[in-house]
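Visitor: Supplied in structure tokens, the structure appears directly below.
The values are calculated or read from the model by the stated rules, or taken from the named source; none is laboratory data. Values in this document were obtained by computation on a predicted structure and should not be read as measured data. In this analysis, Cβ positions are derived from the backbone assuming ideal geometry, glycine residues included, and neighbour counts consider all displayed protein chains.
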Amino acid sequence: MVPARPDRPAPARPARTRIRRTLAAVALCGSLAACSAGAVGAPRATGGPGASEQAEAAAKVTVVRPAAGRPVTVTAAGGTLRSVRVVDAEGGLLVGRTGADGTTWVSDRKAVPGTSYRVEATTRTAGGKEATTDSRFTTAPAARVNKLTLAPGKNTTVGVGQPLSIVFDLPVTDRAEVEKQLKVTTSNGTVGSWGWLKDYSGRDRVDWRPKEYWKPGTRVDLDATLDGTDSGGGWFVRDYRTGFTVAGAAQVVKVDLDTKRLVLERDGRAVRTIPVSGGTPGGDKRSWRGTAVLMAKEGTINMNSETVGLGDAYDKMVDFSMRLTWSGMYAHAAPWNAANFGRANRSSGCIGMSDADAAWFYGQVRPGDPFEIQGAETKGTVAEGNGYGAWNVGWEQWRAKSAVAR
């Protein structure tokens, strides 16, 4: 305690006030040292100058220093929280809520790995004394960072069969925790579900598909609030967003490899029938059956049989190429096979047609259009992860693939 000035003896009451303030400061520092998971900021009084307020100790604020993936928690003892502001080093605000009793504040979002935060909390005691504390903490960096790839691309227009698809760079072992952060919003309340599967690349993947084909004109938006979420195989350190629109006409491509005919239907009406030739029966060159969604229009590309395990059967430039699976099934122009269009299946697995028909067809279809393929001599049904094969799974079976719907 500081001695009183000789010419002005100190009154007894202010001396006791100084003792209480010193003890309060000791309590604050002691709380910081004793709680390894917490931090306490030094208060600065913001209340009025009244003697009773000066004599009253400020509320004690404790900021729990969370591990990454946990919310930030701020508590007040001896008073209530008037406001709490948590910002990261880039100025991003971590929004939260104060409990009903006013003594605890918890952030809505989780703390992110390798991020510094500043916490400013204003408290008020029962006697009306206000004080503000500042504190800072930094979370440990992530040992591994997970990233993802979204399809379709942002602000694209797609056909009625296009699912929303997410492929992860690293394994996702806590699927429920990740899926809970994936919010899909549609313009017309479309019923749909997430389903977990293995991508053709072997990576973890989750797709959201409607119960039935999309209604034309539907707007679809994804808000993936994954920042600070541990996938089990790595941390996400950012959020992701995308959105797309379903085209205004419902196009479905019907392919019958028994009759060797392809029919483009638009809004339930046949627009054009095209003679085709599918995969050669009796071996690895057979085509797939089931519903395959048009993944991309790739134009003129080099097709090499060695890339799909068919040896040196072919190596040529192919026009009007439309990808249907990751395993290499396309619809495309095949003038070398012209004698078989509408007559026999003699391709190496793709759906071939004339140059003229392919040019017209290529100009009509869009990514997301479903190809419904049937044929007695096909080699099996397109798998969910081989392109977009989710439509080959029944609705209840698909819903069972969700990590949270169960």
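Visitor: Just checking, which of Ala25, Ala42 is under 20 Å from Ala131 (Cβ atoms), modelled with pLDDT under 50 and surrounded by fewer than 18 Cβ atoms within 10 Å (Cβ to Cβ)?
Guide: Numbers: Ala42 fails: modelled with pLDDT under 50.
None of the other options fit; the residue is Ala25.
Visitor: Among what's in segment 127-146 and is among the hydrophobic types (A, V, I, L, M, F, W, C) and closer than 17 Å to Ala111 by Cβ, pick the residue that is surrounded by the fewest Cβ atoms within 10 Å (Cβ to Cβ).
Guide: Going through segment 127-146, the residues among the hydrophobic types (A, V, I, L, M, F, W, C) turn out to be 131, 137, 140, 142-143, 145.
From the residues that got through so far, the ones that are closer than 17 Å to Ala111 by Cβ too are 137, 140, 142-143, 145.
Working: Phe137: 17, Ala140: 10, Ala142: 19, Ala143: 8, Val145: 16.
Per the stated criteria, the residue is Ala143.
Residue by residue, here is whether (1) in contact with a helix residue (DSSP H, G or I) (Cβ under 9 Å, 6 or more places away or on another chain); (2) part of a loop (DSSP other than H, G, I, E, B); (3) in contact (Cβ under 8 Å) with a residue 24 or more places away in the chain; (4) not assigned by TED's automatic domain parsing to the domain that holds Trp336 holds:
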residue: Val263; (1), (2), (3), (4): no, no, no, no
residue: Arg272; (1), (2), (3), (4): yes, no, yes, no
residue: Ser287; (1), (2), (3), (4): no, yes, yes, no
residue: Asn302; (1), (2), (3), (4): no, no, no, no
residue: Leu310; (1), (2), (3), (4): no, yes, yes, no
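Visitor: If you don't mind, there's one more thing I want to ask. Give the residue that is nearest to Ala383 (Cα to Cα), with candidates limited to residues of segment 286-308 that are among the hydroxyl-bearing types (Ser, Thr, Tyr) and surrounded by 14 or more Cβ atoms within 10 Å (Cβ to Cβ).
Guide: From segment 286-308, those among the hydroxyl-bearing types (Ser, Thr, Tyr) are 287, 291, 300, 305, 307; that's our starting set.
Those left that are additionally surrounded by 14 or more Cβ atoms within 10 Å (Cβ to Cβ): 287, 291, 305.
On the way: Ser287: 13, Thr291: 9, Ser305: 21 Å.
If we take residues in segment 286-308 being among the hydroxyl-bearing types (Ser, Thr, Tyr) and surrounded by 14 or more Cβ atoms within 10 Å (Cβ to Cβ), then Thr291 is nearest to Ala383 (Cα to Cα).
Visitor: Scan segment 228-256 for residues that are assigned to a strand (DSSP E or B) and touching a helix residue (DSSP H, G or I) at 6+ places or on another chain (Cβ under 9 Å) and jot them down. Let's see the steps before the verdict.
Guide: First pass over segment 228-256, keeping only residues assigned to a strand (DSSP E or B): 230, 232, 235, 240-246, 251-256.
Those that are assigned to a strand (DSSP E or B) and touching a helix residue (DSSP H, G or I) at 6+ places or on another chain (Cβ under 9 Å): Asp230, Gly232, Gln251, Val253.
Visitor: I would also like to ask the following. How many residues does segment 165-192 hold that are free of Cβ contacts under 8 Å to residues at least 24 places away in the same chain and either part of a strand (DSSP E or B) or β-branched (Val, Ile, Thr) (or both)? Break it down into steps so the answer makes sense when it comes.
Guide: Of all residues in segment 165-192, those free of Cβ contacts under 8 Å to residues at least 24 places away in the same chain come to 189, 191-192.
Still in the running and either part of a strand (DSSP E or B) or β-branched (Val, Ile, Thr) (or both): 191-192.
The total comes to 2.
Visitor: Something else about it: If Pro281 satisfies every condition in (1) buried (at least 17 other Cβ atoms within 10 Å of the Cβ); (2) without any contact (Cβ under 8 Å) to a residue 40 or more places away in the chain but one, which is the exception?
Guide: Result: Pro281 passes all but (2).
Visitor: Could you identify the single residue in Asp221, Asp258 that is acidic (Asp, Glu), over 23 Å from the mean Cα position of the chain (by Cα) and at pLDDT 95 or above? It would help to see each step written out before you state the result.
Guide: Numbers: Asp221 fails: over 23 Å from the mean Cα position of the chain (by Cα).
Selected residue: Asp258, the only one of Asp221, Asp258 that is acidic (Asp, Glu), over 23 Å from the mean Cα position of the chain (by Cα) and at pLDDT 95 or above.
Visitor: I'd like the residue in segment 193-213 that is in contact (Cβ under 8 Å) with a residue 24 or more places away in the chain and assigned to a loop (DSSP other than H, G, I, E, B) and, out of all such residues, is surrounded by the fewest Cβ atoms within 10 Å (Cβ to Cβ).
Guide: The extreme case among them is Ser201.
Visitor: Next up: Only one of (1) under 30 Å from Ala67 (Cα atoms); (2) β-branched (Val, Ile, Thr); (3) free of Cβ contacts under 8 Å to residues at least 24 places away in the same chain fails for Thr229. Which number is that?
Guide: Condition (3) is where Thr229 drops out.
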